[in-house]
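**Student:** Supplied in structure tokens, the structure appears directly below.
Any read-out appearing in this document is the output of simple, stated calculations on the displayed coordinates, not a laboratory observation. On a predicted model such as this, the values are computed, not experimentally measured, just so you know. Every residue, glycine among them, receives a Cβ derived from its backbone with ideal geometry; neighbour counts consider all protein chains shown.
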Amino acid sequence: MIKAGFKLEKTGEAEFVLKGQSAVPIYFFATQDLIESMDDDVFFQAVNTANLPGLEERVCIMPDAHSGYGAPIGTVFAVDAEAGYISPGAIGFDINCGMRAIITNLTETEIRPYLESIVNKLYEYVPVGVGKKGFLKVSRLQLKNLVEKGVLYLVKTLGIGWAEDIEKIEENGSIVGADFSAVSKRAVERGLAQLGTLGSGNHYLEIQVVEKIHNLEKAKKFGISKKGQVMIMLHCGSRGFGHQICSDYLREFERKLDVYRIRVADHQLVCLPLSDPLAKDYLSAMSAAANFAFVNRETITHRIRQAFEKVLGKKAKDLGMELIYDVAHNIGKIEEHFTKKGKKKLLVHRKGATRSFPGQIVIIGGSMETGSYLLLGGEDSLYKSFASTAHGSGRTMSRAKAKRSIRGSDLLKKLKRRGIYIKAASFSGVAEEAGFAYKDINRVVCAVEKAGLSEPLVYLRPIGNIKG
Amino acid sequence: MADVEILENTAIADVSIRVKAEGIEDLVEGIVLAFAKALGVNEKRLCLSRRIKFDFDDEKDLIIKIFDELIFFKDVYSEIFLRVKSLKINKSRVEILLKGLPVGQVGDLGADIKALSYHNLAIKKKNDLYEVVLTFDV
């Protein structure tokens, strides 16, 4: 097929390849209709990305891809963990923007009478929206420990969160090598102000019910056993802390491009060799931001549990509010992968893509109208996509157009009539996140299943949501 | 007075703004107005002031540093600065008195501006006329 003037060759049921335009081939893990729905810039940006130096084998584009800054949202590539290059823009501003799924032993029937109260209480307990401050006040030293030691420090020293959550977080909620001294004062200030906040835009906290279980035997291993079971899903990242780190290092990387005579088509894709001290500093700072995000999501989970306790008058443990998994979708990770040259340590860049090792939980969040999925990582992802899969349903419409298409207040009323109660800090923010602004999540999940990257486990229907 | 408009043909998830200005003072005012426009804020009653001053290498550095300050005040002090009250600028140093208001006094804010992206960042200058395209991560 031809798209955006590029010839894509079909290599599988949900797999196309673009060759000859870049240093490495670009694999699109999507069905034809999803590729046709991608905006043209996805392809130009994918080619720019695939011309970065030092890439291993291929660039992978996920079925929910849409154009971003530099690299498309929904891009994965890898470089040698020692001799390769690192690109802050190809990891993203919101370092470790990610997803968290929490199970309960409640059913929809049980929660319905309390739904509005719970949503309102969540809105009261979890700061959302522009300029909102976090409820968790920590000192600089405590922040240093949080971003260097991760969730373990939060739980053991600050007494927030559950110890049993730690093993259910990617990298146990602590990426090794994080270094607070690599983080600017400005990033620290933004982090101190925003620790324990949800944010705005497409970040959200959602109450969902199990609508369909695709594999009951496997779902039971994660505490999911019946239709109508209540779950909670959280989508947020490293807030201003991560954004500032990315901004700071983009600027510094750009200043050093000439030293290595690196040419990039888009300055958002600036990169440096990992042997450079600045690149090492960025890796350390990025790891700190990733840990900040893990800590942030655990802190918010603490508040979620408190909100449920307050409204329902039962302990969160008695409500079975266990963490299923917490996983990043904007990150640079050092991982071992099989390549054509054998097993190798690689630095995998995932921007709008989720880690998907076989048997690992994957969380793909949809819009507040359409629902979300839990999946399991697939075997094929190991050799096709550096163990990666999609992360969401992907925007298809600009924010401005979405706002012109519907009023936020009308959308809230419409959703309430459908039984979805939403509390939002901004009407225009709600309009921007309308379901029609996103791809059909079922098609995205179908594509990753066909490509062998991950298999659907559970489909979740939203019933309540708070957003900024 | 700088001309500031939101651009439609942009990457799907972001906000892009074009600023046209005559002279560097006008450019600075336009950059601050661009922040307001990107946030969707059009408040007239501005009760807060802050003075910022810094050195800069060139126009790009100037723009990046102004946004750094504006985003910082929004996130750390919950203050949004939308207008330039006064300005002193030479080739490498700027001092700006900003006017703004607390976040809590703004109506419906919509998407948050979290960072200035380098994607499509373009600064054109002809004689004293500037045309700048900015893309924000929201």
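**Student:** Under a plain spin-label model, where a point goes 7 Å from the Cα along Cα-to-Cβ, how far apart in nm are A:GLN21 and B:LEU7?
**Tutor:** The modelled label-to-label distance comes out at 2.0 nm.
**Student:** Which of the peptides B:26-36, A:236-246, A:309-319 is most tightly packed, and how do the rest follow, going by the mean number of other Cβ atoms within 10 Å of each residue? It would help to have the intermediate numbers written out before the result.
**Tutor:** Values: B:26-36: 23.3, A:236-246: 29.9, A:309-319: 14.5.
Ranked by mean Cβ neighbours within 10 Å, highest first: A:236-246, B:26-36, A:309-319.
**Student:** Let me ask something additional. Gap in Å between the Cα centre of the range A:225-252 and the Cα centre of the range A:79-153?
**Tutor:** A separation of 6 Å, based on Cα centres.
**Student:** If one computes the Cα centroid of the range A:360-399 and of the range A:1-49, what distance in Å separates the two points?
**Tutor:** That distance is 18 Å.
**Student:** Right, next: According to the Kirkwood expression over distinct Cα-Cα pairs, how big is the hydrodynamic radius of chain A, in Å?
**Tutor:** Working: mean 1/r = 0.0454 Å⁻¹.
Answer for chain A: a Kirkwood hydrodynamic radius of 22.0 Å.
**Student:** Run lengths n ≥ 4 of DSSP H only: what is the helix-derived mean residue ellipticity at 222 nm for chain A, with -39500 (n - 2.57) per run over all residues, to the nearest 500?
**Tutor:** The helix-only estimate for chain A comes to -10000 deg cm²/dmol at 222 nm.
**Student:** If the chain between B:ASP57 and B:LYS44 were fully stretched, how many nm would it gain, using 0.36 nm times the residue separation less the Cα-Cα distance?
**Tutor:** Values: separation 13, 0.36 × 13 = 4.68 nm, distance 3.25 nm.
Extra length from B:ASP57 to B:LYS44 when fully extended: 1.4 nm.
**Student:** Which number do you get for Rg(Cα) / (2.2 N^0.38 Å) in the range B:3-137? Provide the component values of the computation, followed by the final result.
**Tutor:** On the way: Rg = 14.0 Å, N = 135, 2.2 N^0.38 = 14.2 Å.
Here the Cα radius of gyration is 0.98 times the empirical estimate.
**Student:** Per residue of the range A:105-120, in order, report the coupling 6.51 cos²θ - 1.76 cosθ + 1.60 (Karplus, θ = phi - 60°) as ³J(HN,Hα) in whole Hz, putting x for Gly and Pro.
**Tutor:** For the range A:105-120, the Karplus-derived couplings read 9, 7, 10, 4, 4, 5, 8, 3, x, 10, 4, 5, 4, 5, 4, 5 Hz, x marking Gly and Pro.
**Student:** Would you mind ranking A:ILE364, A:ILE91 so that the residue whose beta carbon has the fewest other beta carbons within 10 Å leads the list? Working shown, then result.
**Tutor:** Working: A:ILE364 24, A:ILE91 30.
Taking fewest neighbouring Cβ atoms as first place, the list is A:ILE364, A:ILE91.
**Student:** OK, next. Sort A:TYR125, A:TYR204 so that the residue with the fewest other Cβ atoms within 10 Å of its own Cβ comes first and the one with the most comes last. Kindly include the intermediate steps, with their values, before the conclusion.
**Tutor:** On the way: A:TYR125 20, A:TYR204 24.
So the ranking, lowest neighbour count to highest, is A:TYR125, A:TYR204.
**Student:** How big, on average over all directions, is the shadow cast by the Cα convex hull of the range A:338-381, in nm²?
**Tutor:** Details: hull surface 16.2 nm².
Reported value for the Cα convex hull: 4.1 nm².
**Student:** A:GLY464's amide H: which non-local residues (gap 5+, or another chain) put their own amide H closer than 5 Å, with H modeled 1.01 Å from N in plane and none for Pro or chain starts?
**Tutor:** A:ILE207, A:TYR421
**Student:** If you average the C-alpha positions of the range A:423-468 and of the range A:172-210 separately, how far apart do those two centres end up, in angstrom?
**Tutor:** 22
**Student:** If you don't mind, there's one more thing I want to ask. Out of residues 5 or more away from A:TYR204 or on other chains, whose amide H comes under 5 Å of its own, with H placed 1.01 Å from N in the peptide plane?
**Tutor:** A:HIS235
**Student:** Per residue of A:63-70, what is the mean number of Cβ atoms on other protein chains within 10 angstrom of that residue's Cβ?
**Tutor:** Working: counts 0, 0, 0, 3, 6, 7, 12, 5.
Mean partner-chain Cβ count within 10 Å for A:63-70: 4.
**Student:** Follow-up. Can you tell me the convex hull volume per residue for the range A:269-355, based on C-alpha atoms, in Å³ to the nearest whole number?
**Tutor:** Working: hull volume 11.6 nm³, N = 87.
Per-residue hull volume (Cα only) is 133 Å³.
**Student:** If amide H atoms are built 1.01 Å from N in the plane of the peptide, which residues on other chains or at least 5 residues away come under 5 Å of the amide H of A:SER356?
**Tutor:** A:SER388, A:THR389
**Student:** What nm distance separates the two modelled labels at A:ALA4 and A:GLU82, each placed 7 Å from Cα along Cα→Cβ?
**Tutor:** 3.6
**Student:** Return a whole-number percent for the relative contact order of chain B, with Cα pairs under 8 Å and 6 or more residues apart as the contact set. Intermediate results must be reported in sequence, preceding the final value.
**Tutor:** Working: 273 pairs, mean separation 40.7, N = 138.
It rounds to 29 percent for chain B.
**Student:** Give the order of A:LYS19, A:LYS132 when sorted by the count of other beta carbons within 10 angstrom, beginning with the fewest.
**Tutor:** Details: A:LYS19 14, A:LYS132 23.
Starting with the residue having the fewest Cβ neighbours, the order is A:LYS19, A:LYS132.
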